Amino acid sequence: MDLSAINPTLLLASLMVAATPLLLAAIGELVVERAGVLNLGVEGMMITGAICGFAIAVNTGSPILGLVAAALGGAVLSLLFAALTQYALANQVASGLALTLFGLGLSALIGQGYQGIKPPSFPKADIPLLSDIPFLGGVLFRHDFVVYLAIALTAVVWWVLKYSRIGLVLRAVGENHDAAHALGYKVVRIRVAAICFGGACAGLGGAYISLIRVPQWTEGMTAGIGWIALALVVFASWKPWRAMLGAYLFGGITVLQLNLQAAGVAIPVEYLAMSPYLITIIVLVIMSADKSRAPAALGRSFHASQ
Amino acid sequence: MLRLEKRPQPSRLWTYLTPVLAVVLTMLCGGLLFSFLGKDPVLAIRTIFWEPLFSEFAFYYRPQLLVKGAPLVLIAIGLSLGFKAGIWNIGAEGQYIIGALCGAGVALAFYPMEAAFIFPLMVLAGGLGGWAWAMIPAFLKVRFGTNEILVSLMLVYVAEQLLASMSLGLLKNPQGFGFPGSRNLQQYPSAHNAELIAGTGMHWGVVAALIAVIFAYVLLNRHMQGFYIRLTGDAPRAARFAGVSPTRLVLFCLGVSGALAGLAGLFEVAGPSGVVSIDFNAGYGFTAIIVAFLGRLHPVGILMAGGLMALTYVGGDIAQSKLGLPKAAIQLFQGMLLFFLLAVDLTTNYRIRLRRKEAS
């Protein structure tokens, strides 16, 4: 065992990288749940985004186009969920599971020809001057732009939910859809838009894994990150900044666990690898004491005639 | 413009028709998908749904249907109890793995002793293992109000890691030349879950699945606990006023589904699979969710749905080797089935009417 092999700068820098897909997916799901919809298909949308982004990036040679395609792919897949739950009034839990199973199958099918290929590398966006600061520069300012995009997205979502009219309407729909309907808001339309946004975010998060973090394609490569993102939303009490805190916490655990594996700690690899999932459970237990923050209409379907 | 009108009560006709309709729609869409992949759609569908049953090699495939169908039905029966009451155990895959590990552990602890009590003890251990794994989300839900969906799913990943650790460590075959995986239980007569009638595929898991179907049918139709389950699903408030204890219901539903999933894992590891290996689990725990819904959460329906899903597995394998249809296409096909099912389910609770523009 050689703990001195762990470089703190690299550790913290890779923490930010590991946290980004989680953060993206969690922020998307947070908006969806604030609109009163529980979409359990995050994992399916992420993995679909991962392969869509990967395939487009490999075929066009442009990672940026890949990211766009991933967001589109995730959004299109989430439209299926929207059609089921908002128009066919299907059970949201079952539909979310269906979306995950479907997404896993779809991604495996699309991804057949892409195993073992290296995607075009992603340009780093070193921020001039700031990235030269010793230690902090290496940790904070030498990443690809998606890391900053995720943080910016958190800020935007926070601001929109808290201060804008759209955010107010969205929250009204999530707290009491009957009242929102009576006020003349288009409940279904708003929810479909929120679901789409969630899908795009999840797709982007998935592509971040396959294009930047790993970067290659393997079947089922998201390995439960979508589900951890769902747990993060509960952890965050449906608040954007806390979702970011949670994502960085989990990113830290994942990275630390990987580093300990590499450093050859006496704990077997398998037990280290299960730690993020166990910690998710522990966090869920701690956070579930306070349920009052959950959107009141979460998981209930809406039909105007009722 | 289409308009939905809520039915006073769910339509009986559509309750029976929707699964059939969903299967037909999936076949149509699946055919499109297959032709998109450059395969003859009619031939592909025929290979999947016809060949295992009626072709000249059907004598070989039919036993396979029982082998694949039994774990699916066993798990889905357990899941359906919870789903009916709104208790979502989606971690059956993990309980399946733990059941297999516990059962195989018992067998390997006694190796090479031959005794009649070993197999019953393994069955007990398998069921208990699955039960215990499901009790984690159940306990956390009743004690802390933790979401059982997320916890049971997280435990699948934990169980997978545990499986890897076991097949590389504790349960590894000491005479396996360093290869991962345990001793083959098929070569250990006291622990082998052999075919009861040779060449039929009928092993103890199939018997257990049939017993589970009958048990669930009696429970839901003739027993108070079954009534409570249905009541809680249909009208949670009424159930609470009637004195149904949600705590006991959660423990019961998750416990039963966990134990059944554990049993399914045990019968698989002691029979058709034989070896505890890293990739021992084949996703039955997740496919069983589709089976439960396709069977409309009704025991007899689940039995039929399990058969159909087993058909897609066996037929999918044939199509894979004969037509070169990718395995992922079958997975997608199964996922599509659940989608269509949930979509056409609308017709049981709502009437679809054409609407003219009216003045409001």
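We did not get these values from a lab; they are worked out from the coordinates using the rules stated. What you see is a predicted model, and the numbers here were worked out from it, not measured in a lab. As a convention, Cβ positions derive from the backbone with ideal geometry for all residues, glycine included, and neighbour counts pool all protein chains shown.
Helix A:42-60 and the longest principal axis of the Cα set of chain A meet at an angle near 60°.
Between the helical axis of A:145-163 and the longest alpha-carbon principal axis of chain A there is an angle of about 30 degrees.
Here is how the number arises for chain B: DSSP H runs of 4 or more residues each give -39500 (n - 2.57), the sum is divided by the residue count, and the result at 222 nm is -23000 deg cm²/dmol. Taking one quarter of the surface of the convex hull spanned by the alpha-carbon atoms of the protein assembly as shown gives a direction-averaged projected area of 32.3 nm². Database remark: amide H of B:R351 closer than 5 angstrom to the amide H of B:E5, B:K6, B:R7 (H placed geometrically; neighbours at sequence offset of 5 or more, or on other chains; Pro and chain starts carry no H). Long hydrophobic helices in chain B: the complete DSSP H runs spanning 24 Å or more by Cα along their own axis with mean Kyte-Doolittle hydropathy of at least 0.5 are B:12-36, B:58-84, B:92-110, B:118-144, B:148-168, B:204-222, B:246-270, B:299-322, B:327-344.
Compared with the dominant Cα axis of chain A, that is its longest principal axis, helix A:165-175 is turned about 80°. Ranked by the mean number of other Cβ atoms within 10 Å of their residues, highest first, the peptides A:42-49, B:318-325, B:257-264 fall in the order A:42-49, B:257-264, B:318-325. Between A:R242, A:R293, A:R34, the residue with the greatest mean-square fluctuation in the GNM of chain A (Cα pairs under 10 Å linked by springs) is A:R293.
Averaged over peptide B:337-349, the number of partner chain Cβ atoms lying within 10 Å of each residue's Cβ comes to 5.
Ranked for footprinting exposure by Cβ neighbours inside 10 Å, fewest first, A:H177, B:H192 give B:H192, A:H177.
From helices alone, chain A scores -21500 deg cm²/dmol at 222 nm; the rule is -39500 (n - 2.57) for each run of n ≥ 4 DSSP H residues, then divide by the residue total.
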